[in-house]
Amino acid sequence: MEHIVVIGGGQAGSSLVARLRTAGFEGAITLVCGEAVPPYQRPPLSKAYLLGEMEEARLYLRPESFYAEKDIALRLGSPVVAIDRAAKTVTLEDGVLPYDQLALTTGSVPRRLPAAMGGNLGGVYEVRNLLDVGRMQPAFGPGKRALIVGGGYIGLEAAAVAAKLGVEVTLVEMAPRILQRVAAPETSDYFRELHRAHGVDIREGLGLETLLGDEQVSGARFSDGSEIAVDFVIVGVGIAPDAALAEAAGLAVDNGIVVDGQGRTSDPAIWAAGDCATFPRNGQMIRLESVQNAIDQAELVADNMLGAGRDYDPMPWFWSDQYDVKLQIAGLNTGYDRVVVRKGDDGALSHWYYAGDTLLAVDAMNDSRNYMIGKRLIEAGKSPSPEQITDPATNMKALLRQ
Ligand SMILES: Cc1cc2nc3c(=O)[nH]c(=O)nc-3n(C[C@H](O)[C@H](O)[C@H](O)COP(=O)(O)OP(=O)(O)OC[C@H]3O[C@@H](n4cnc5c(N)ncnc54)[C@H](O)[C@@H]3O)c2cc1C
């Protein structure tokens, strides 16, 4: 009987094994989870779950009974430490498993502050997994002072949660503006104002020089020489694809595990999907860090492991929750040269990214209607003119029929 082993029980790993069964695979499946719990969703870790408004049980992607019912063996809390490609085996901390086909869905690891900058001090946290949240949650409380390092989505979401819980928050971003890597200045401006209105002290174009403290963090010094006192720090300075196992096994790795359009690595028996994989799109190698990508790519890889032979052509979408604002993003804005703004009722707002006449992406703030319209336009390859978007008289739904 054929045995498929999947390493990494996260969003992608869970989707991959579920799809193998829906697609009719009747051989043996083992999902190896480095963490001691079944696969769960990460987005709430910096949103409702961190805020204490969501129970742990709701984080799990599927009940544990699902895996038993589908005859999927879960190996919890036992990370794979090595892959032997010649012998086609993987070595776990507590045993060896043979495989016929192998998939790597190992996700990513948060970048840490170097120890020389105080990264190892007590009270310094990253937000990647349930254990991280368990460690940091007791630090949140009215009157506590937090420093958030990094103005990307995770840093901003953590800042919003902390501010809502009465924490005094300072957020530093080394780049000239928050969200610089992922969004247009218009979107950065919107979120800067939102945070400032909730009392968060956002300082852009300012680097962290070092954290201060002996064993426990007590302060921070910045690149302009200024210092603040802090009780805890959350580091949100990006992630790196977790490609260590793949690299040690001699697979091609370049900012992630290199796969072809179908999701196959440089070894034909080994596949990869999710945060850890870098894949070809429009003549470039890219890597996406999102739930959409983890699910869609993993499901495609499952089909391809069974011989479907299809290429991955993602339609990216993403979201972020901060205070009472839901940001929804459709498309990828890479290469945009113009952004136009559509204002709706009740504060609904959307930013539309163009490259020449081509619509690339939409950021919609409390505007799910225009998010859906933008997403469907992009999926259909339709590009209304920027003038149509900004004209309040335009019937947006009618654009789909053009
Ligand atoms: C706080 C936070 C908020 C986020 N918010 C959003 C959001 O709002 N919207 C959105 O689209 N995306 C969001 N993301 C990103 C999204 O969660 C990830 O893109 C997604 O989880 C990627 O899925 P994955 O399966 O590739 O990796 P992961 O979900 O990270 O799973 C990888 C798993 O592999 C395990 N693993 C690694 N190495 C081994 C090994 N050697 N042996 C066994 N197991 C191993 C890891 O322990 C981990 O459990 C957020 C992420 C975080 C951390």
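The values are calculated or read from the model by the stated rules, or taken from the named source; none is laboratory data. Worth saying up front: this structure is predicted, and the values here are computed from it rather than measured. Note that we place each Cβ from the backbone using ideal geometry, even for glycine, and neighbour counts take in every protein chain shown.
General remarks:
Results for (1) crowded, with 23+ Cβ neighbours inside 10 Å; (2) more than 11 Å from the ligand (Cβ to nearest atom), shown as yes or no for each residue.
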| site | (1), (2) |
| --- | --- |
| GLY118 | no, yes |
| GLY123 | no, yes |
| GLY134 | no, yes |
| LEU147 | yes, yes |
| GLY155 | yes, no |
| VAL161 | yes, no |
| VAL169 | yes, yes |
| GLU173 | yes, yes |
| GLN180 | no, yes |
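- Number of the exception - PHE66 against (1) surrounded by 15 or more Cβ atoms within 10 Å (Cβ to Cβ); (2) away from the ligand (no atom under 15 Å from the Cβ); (3) touching a residue at least 60 places away in the same chain (Cβ under 8 Å): (3)
- Of all residues in the stretch 256-270, exactly one satisfies the criterion of being part of a strand (DSSP E or B) and within 12 Å of the ligand (Cβ to nearest atom), namely ILE257.
- Residue selected from the stretch 29-40 under the condition within 18 Å of the chain's Cα centre (by Cα) and more than 6 Å from the ligand (Cβ to nearest atom), by the criterion farthest from ASP132 (Cα to Cα): PRO39
- Answer from ALA272, ALA220 - the residue that is touching a strand residue (DSSP E or B) at 6+ places or on another chain (Cβ under 7 Å), touching a residue at least 60 places away in the same chain (Cβ under 8 Å) and not assigned by TED's automatic domain parsing to the domain that holds PRO43: ALA220
- The residue that is surrounded by the fewest Cβ atoms within 10 Å (Cβ to Cβ), counting only those in the stretch 192-211 that are within 19 Å of LEU165 (Cβ to Cβ) and in contact (Cβ under 8 Å) with a residue 12 or more places away in the chain, is GLY199.
- In the stretch 107-121, the residues that are in contact (Cβ under 8 Å) with a residue 60 or more places away in the chain and of a type in the set (S, T, N, Q) form Cβ pairs under 6 Å with partners that are surrounded by 15 or more Cβ atoms within 10 Å (Cβ to Cβ) and part of a loop (DSSP other than H, G, I, E, B), at six or more places apart or across chains, as follows: SER108/ASP242.
- Residues satisfying the stated conditions in the stretch 235-255, i.e. within 18 Å of ILE178 (Cα to Cα) and more than 10 Å from the ligand (Cβ to nearest atom): VAL235, VAL237, GLY238
- Considering the stretch 69-110, the residues that are surrounded by fewer than 19 Cβ atoms within 10 Å (Cβ to Cβ) and among the hydroxyl-bearing types (Ser, Thr, Tyr) include one that is nearest to the ligand (Cβ to nearest atom), namely SER78.
- For the stretch 315-324, the condition of being under 13 Å from TYR190 (Cβ atoms), within 16 Å of the ligand (Cβ to nearest atom) and in a loop (DSSP other than H, G, I, E, B) holds for at least one residue.
- Only one of ALA348, ALA273, ALA355, ALA330 that is within 30 Å of MET1 (Cα to Cα) and either within 16 Å of the ligand (Cβ to nearest atom) or surrounded by fewer than 21 Cβ atoms within 10 Å (Cβ to Cβ) (or both): ALA273
- In the condition set (1) of a type in the set (Val, Ile, Thr); (2) out of contact with any Pro (no Cβ under 7 Å at 6 or more places or on another chain); (3) closer than 30 Å to GLY250 by Cβ, THR22 is compliant with all but (3).
- The number of residues in the stretch 3-26 being within 8 Å of the ligand (Cβ to nearest atom), part of a helix (DSSP H, G or I) and aliphatic (A, V, I, L, M) comes to 1.
- Boolean, LEU399 is more than 19 Å from ASN282 (Cβ to Cβ) and part of a helix (DSSP H, G or I): yes
- Here PRO38 qualifies as under 17 Å from ALA12 (Cβ atoms) and either in the same structural domain as VAL133 (by TED's automatic domain parsing) or not in a strand (DSSP E or B) (or both).
- Number of the condition not met by THR187 [criteria: (1) in contact with a His (Cβ under 8 Å, 6 or more places away or on another chain); (2) surrounded by fewer than 18 Cβ atoms within 10 Å (Cβ to Cβ)]: (2)
- Of all residue pairs spaced 6 or more apart or on separate chains, none has beta-carbon atoms under 7 Å together with a first member in the stretch 167-191 that is in the same structural domain as TRP352 (by TED's automatic domain parsing) and a second member that is modelled with pLDDT under 95 and buried (at least 18 other Cβ atoms within 10 Å of the Cβ).
- Complete set of residues in the stretch 41-63 that are part of a loop (DSSP other than H, G, I, E, B) and near the ligand (Cβ under 8 Å from one of its atoms): GLN41, ARG42, LYS47
- Answer residue from the stretch 1-44, given it is buried (at least 24 other Cβ atoms within 10 Å of the Cβ) and of a type in the set (Ser, Thr, Tyr) and is nearest to ALA308 (Cα to Cα) among those: SER15
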